[in-house]
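First the structure, in the form of structure tokens, and then the observations on it.
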Amino acid sequence: MKNKDNKPTSFKEKLENFWYYYKLPVIISILVVGIGVFLYFEFSQSVVSDLKVCLTSKEALSEGTINFNEGMPGLIKDINGDNEANITIQRIFLGEDISSDEGQTYYQNLMGQLSSKGSTLFIFDKTNLDRMIKKDAFCPLNELMDLSAYNDRVVYRNDVPVALHLTGSKVLADMEFTSDDLYAMVLFRRPEDANDLKCNAEYDNAVLVLKELMKQVETNTETN
């Protein structure tokens with residue numbers, strides 16, 4: 001072991017002496033800084049969402065990448081201050097039988113989306129609408145928007161309007177959806193979030209997307 005009383009004289013000896021006694025703190029410091037830089041770049045390059053959409057179906061609905069930002073450009077508002085308005089999609093595949101390990105994994109993922117507000121706008125195929133409409137997890141749509149123009153496209157649960165049928169949507173067709181037998185629902189807004197400006201803005205974005213989808217449905221019907 002080196003003796004501290006035997007003071008180094010040359011630069012090389014001083015460097016060797018420093019490294020001998022402070023090697024571990026230096027290595028730890030380098031690792032901490034390296035991890036910090038990595039996390040910074042990972043965070044700065046990740047997409048911060050202004051609206052989260054959960055798309056749940058028993059099979060893939062498009063061979064291409066489903067991108068609501070390209071399908072509805074400039075529609076929603078930037079609510080997180082990054083000067084970009086982004087819609088992110090969470091895709092879950094659930095068939096009629098969810099007894100398998102994979103089915104249970106996807107089902108628990110969906111339940112997590114509901115319980116932790118992982119998404120605000122939900123789009124289901126008929127199989128999953130029938131499964132989800134039984135749950136008290138979705139907002140009465142007449143509290144968010146005027147439904148008078150949609151008539152038979154409104155889906156009710158115990159006389160409460162909770163879903164809209166998106167059949168015929170040009171927006172979905174433009175994104176190469178293989179089926180438009182889909183239904184949109186909005187997550188129930190928790191009472192404690194009533195005065196949360198960011199939360200309310202995300203619900204406003206959900207309504208903007210929902211209206212755009214329904215607007216396209218009405219346009220298609222009129223032109224046919």
Pairs where the first residue, in region 12-36, is surrounded by 10 or more Cβ atoms within 10 Å (Cβ to Cβ) and the second is not hydroxyl-bearing (Ser, Thr, Tyr), C-beta under 7 Å, 6+ apart: LYS14/PRO8; ASN17/LYS2; ASN17/PRO8; TYR20/LYS2
Pick from region 124-162, criterion part of a strand (DSSP E or B) and out of contact with any Ser or Thr (no Cβ under 7 Å at 6 or more places or on another chain), ranking: nearest to ASP50 (Cα to Cα): PHE138
Considering residues of region 165-185 that are open to solvent by less than 10 Å² (accessible area, probe 1.4 Å) and part of a strand (DSSP E or B) only, the residue farthest from PHE122 (Cα to Cα): LEU182
Region 149-175 residues that are farther than 18 Å from PHE68 by Cα, paired with ones that are open to solvent by 60 Å² or more (accessible area, probe 1.4 Å) (beta carbon under 9 Å, 6 or more apart): VAL154/ASN142; ARG157/LYS134; ARG157/ASP136; VAL160/ASN142; PRO161/ASN142; VAL162/TYR156; ALA163/TYR156; ALA163/ARG157
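The values are calculated or read from the model by the stated rules, or taken from the named source; none is laboratory data. Everything quoted here is computed from the prediction, not taken from an experiment. Positions of Cβ are backbone-derived with ideal geometry, glycine not excepted, and every protein chain shown enters the neighbour counts. To get the accessible areas, we keep the full protein, side chains included, count just its heavy atoms, and leave off ligands, DNA and RNA. Shrake-Rupley method; radii C 1.70, N 1.55, O 1.52, S 1.80 Å.
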